[in-house]
Structures are given as C-alpha cells and as structure tokens.
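Working notes, structure below.
The values are calculated or read from the model by the stated rules, or taken from the named source; none is laboratory data. Since this is a predicted model, take the numbers as computed values, not measurements. Cβ placement follows ideal geometry from the backbone for every residue including glycine, while neighbour counts extend to all protein chains displayed. The protein model used for the area step is the full one, side chains on, heavy atoms only, and it has no ligands, DNA or RNA in it. Shrake-Rupley method; radii C 1.70, N 1.55, O 1.52, S 1.80 Å.
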Amino acid sequence: MMNHYAGYTIKWVTLPWERRQAYALRQRVFCQEQGLFEGDDLDDIDGHARLLVALGSVGGWHDEVVGTVRIHELAPGVWMGSRLAVDNAYRRQGQLGPTLIRLAVCSAHALGCREFYAQVQHQNEPLFRRMHWHTLEWLDLRGVRHARMQADLNFYPPCYDPLSGMVINTPVRKPAEIPIFLTGVAQ
C-alpha cells in the first residue's frame with residue numbers, strides 16, 4: 001500500500017467508524033502481526049479509556065485510521081497509555097507514533113495528569129527516550145520485553161482541545177518531469 005495522504009489528523013475518537021477502525025488496526029497489529037493476543041486485544045480498559053486515532057486525510061476529509069493509542073486514568077492524576085499501533089504501511093511516515101504519544105500525554109495533562117506511564121515494547125524504548133520519557137524498569141509481558149516508562153510532563157504542555165487534535169502536513173510531491181521530445185523539427 002502506498003502512503004497517499006496529503007496530511008494526517010491526530011485526535012480523540014468522536015465517530016463510531018473511527019473507533020471500529022482503531023480496534024481493527026489493533027487487531028491487525030497485536031493479533032495478526034505480533035501474535036500477542038488471539039482473536040482481539042480488547043479488555044476491560046477499553047470500556048473507559050479515551051481512544052486516540054491518526055486519520056489519513058484526502059482533500060481535507062478524514063479517510064481511514066492509520067494509527068491509534070488509548071489512555072486512561074489509573075488513579076486521580078495518574079494516567080497510563082497503551083496499545084500504541086501504527087499501520088505497517090504508514091510506519092515509515094515517521095511522525096504518526098510521536099504525534100499520537102504527544103497528544104495522549106498533552107490531553108491527559110489538560111485533565112489534571114501529574115504522572116503519565118506506559119509499558120513500551122523494547123524496540124520502541126529509544127523513541128520514547130528521545131521524547132523525554134525515562135525507563136523505570138524492564139518487564140516481560142506476553143513473552144515480549146517491555147520498558148515501564150514515565151513521561152516528563154515538562155515537555156508536554158496541556159492540550160485542551162483533543163477532539164480537534166493535531167495536524168501533520170506531508171510534503172507536497174512535485175509531479176515528475178516529463179521529457180518533451182520534438183520530432184520533425186529542423187534544428
């Protein structure tokens with residue numbers, strides 16, 4: 001699949017189709033691709049978590065969910081992020097995962113978050129460290145090494161409008177130059 005979107009919107013889920021596609025993406029990533037769950041990865045947390053999505057946009061219209069993450073409050077002021085997933089075809093885009101993380105923490109911060117945690121698969125730990133998270137401990141979850149990490153909230157200002165979210169514009173691609181050949185013209 002080719003990355004064909006002119007831009008992306010990262011926001012909280014507001015429509016039923018966004019939620020359905022986010023759950024389907026998680027099923028593809030965590031069940032089919034990684035084999036961490038059988039059937040689906042839904043659990044009790046999904047009943048009260050805030051779900052965020054990265055939406056590919058065409059002509060300003062949201063087309064499909066290409067990334068997702070969920071957040072929930074563990075205790076007053078203590079938040080947790082989990083189930084960060086980006087569609088395989090869009091992982092090289094490079095900004096989707098970081099922007100999902102940024103909006104997750106910034107929107108929780110606006111809701112009174114004083115501590116924000118995540119259990120991050122080992123291969124993603126360097127990304128989180130670059131984004132001002134620190135590793136608290138290493139865990140083995142479902143046979144995969146994870147880092148239990150905490151965000152430095154000083155780098156995540158509160159976002160009071162997560163329903164509108166954040167927009168990523170992709171570079172405009174110039175059309176390929178077409179060589180012009182003149183025939184039958186005396187030179």
Residue in the range 33-55 that is outside any helix (DSSP H, G or I), in contact with a Gly (Cβ under 8 Å, 6 or more places away or on another chain) and of a type in the set (Gly, Ala, Ser) present: yes
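Going through ARG114, ARG92, ARG102 one at a time, which residue ends up being out of contact with any Asp or Glu (no Cβ under 7 Å at 6 or more places or on another chain) and surrounded by 13 or more Cβ atoms within 10 Å (Cβ to Cβ)?
Numbers: ARG114 fails: surrounded by 13 or more Cβ atoms within 10 Å (Cβ to Cβ); ARG92 fails: surrounded by 13 or more Cβ atoms within 10 Å (Cβ to Cβ).
After ruling out the rest, the residue left standing is ARG102.
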Number of the condition not met by THR68 [criteria: (1) under 10 Å from the mean Cα position of the chain (by Cα); (2) among the polar types (S, T, N, Q); (3) open to solvent by 60 Å² or more (accessible area, probe 1.4 Å)]: (3)
Leading residue by the ranking (farthest from VAL66 (Cα to Cα)) among those in the range 93-139 that are touching a residue at least 60 places away in the same chain (Cβ under 8 Å) and part of a helix (DSSP H, G or I): SER107
Subset of the range 1-43 [closer than 19 Å to LEU100 by Cα and among the aromatic types (Phe, Trp, Tyr)]: TYR5, TYR8, TRP12, TRP17, TYR23, PHE30
Top-ranked residue of the range 6-31 - restricted to ones that are closer than 18 Å to TRP61 by Cβ, hydroxyl-bearing (Ser, Thr, Tyr) and open to solvent by 10 Å² or more (accessible area, probe 1.4 Å), ranked as modelled with the highest pLDDT: THR14
Filter result (exposed (fewer than 14 other Cβ atoms within 10 Å of the Cβ), more than 23 Å from ASP41 (Cβ to Cβ) and without any contact (Cβ under 8 Å) to a residue 60 or more places away in the chain) within the range 140-172: ASP152, ASN154, PHE155, PRO157, TYR160, ASP161, PRO171
Residue in the range 72-86 that is farthest from the chain's Cα centre (by Cα), counting only those that are in a strand (DSSP E or B) and over 16 Å from LEU36 (Cα atoms): ALA75
Matching residues in the range 37-61 - criterion: being touching a Pro at 6+ places or on another chain (Cβ under 9 Å) and open to solvent by less than 50 Å² (accessible area, probe 1.4 Å): LEU52
